[in-house]
Amino acid sequence: MTRKLALAALCTAMLPLPTASAQQATEIQISYSNGQFQPREVRAPADKPVVFRIRNLDGKAMEFESTSLRVEKVVAAKSQGVINVRALKAGRYEFYDDFSEKARGALVVE
């Protein structure tokens, strides 16, 4: 029994502990209506993860897609989608609705 307790204590000690350096994600809210993103341009700090919350207000599905962000997600009509993006370096990252050529936007990371 003592051996089992010692092994359990050792295993517990080896578990990673949450650190103060864990990065808090920047949350960005975007709505999609009448075939357009609002706002069309959003900003986020560099070297921090980003969470997009996309509300599709249209009566048909849309696909949030970005080659530079390496994401794509279909958001059903009248619903909401969440997209998690890794920490990014400074730059401009374009996104668009893959179902509509006119719906375009950008994330500016500074």
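Quick note: the coordinates plus some simple rules give every number you see, no bench work behind them. These numbers were taken from a predicted model, which means no experiment stands behind them. Because the Cβ atoms are built from the backbone with ideal geometry, glycine has one as well, and the counts that use them run over all protein chains shown.
Distances between placed amide hydrogens fall under 5 Å for Ser31 paired with Gln38, Arg55, all partners being 5 or more residues away or on another chain. Each label was represented as a point 7 Å from its Cα along the Cα-to-Cβ direction; for Lys60 and Arg104 these points are 2.0 nm apart. In sequence order, region 89-104 has phi-based couplings of 7, 4, x, 10, 10, 7, 9, 7, 8, 5, 8, 9, 5, 7, 7, 9 Hz under the Karplus curve 6.51 cos²θ - 1.76 cosθ + 1.60, θ = phi - 60°, and Gly or Pro positions carry x. Annotation: amide H of Thr26 within the under-5 Å range of Val50, Val51, sequence separation 5 or more or interchain, hydrogens built in the peptide plane. Counting only residues at least eight positions apart within a chain, or on another chain, the aspartates and glutamates with an alpha carbon under 18 Å from that of Lys89 are Glu27, Glu41, Asp47, Glu110.
Students often forget the sequence filter, so: which aspartates and glutamates lie under 12 Å Cα-Cα from Lys78 once same-chain residues fewer than 8 apart are removed? Cα-Cα hits under 12 Å: Asp58. For Phe99, the residues 5 or more places off, or on other chains, whose built amide H falls under 5 Å of its own are Glu63. Near Glu101, once Lys and Arg are set to +1 and Asp and Glu to -1 for all other residues with Cβ below 14 Å from its Cβ, the sum equals -3.
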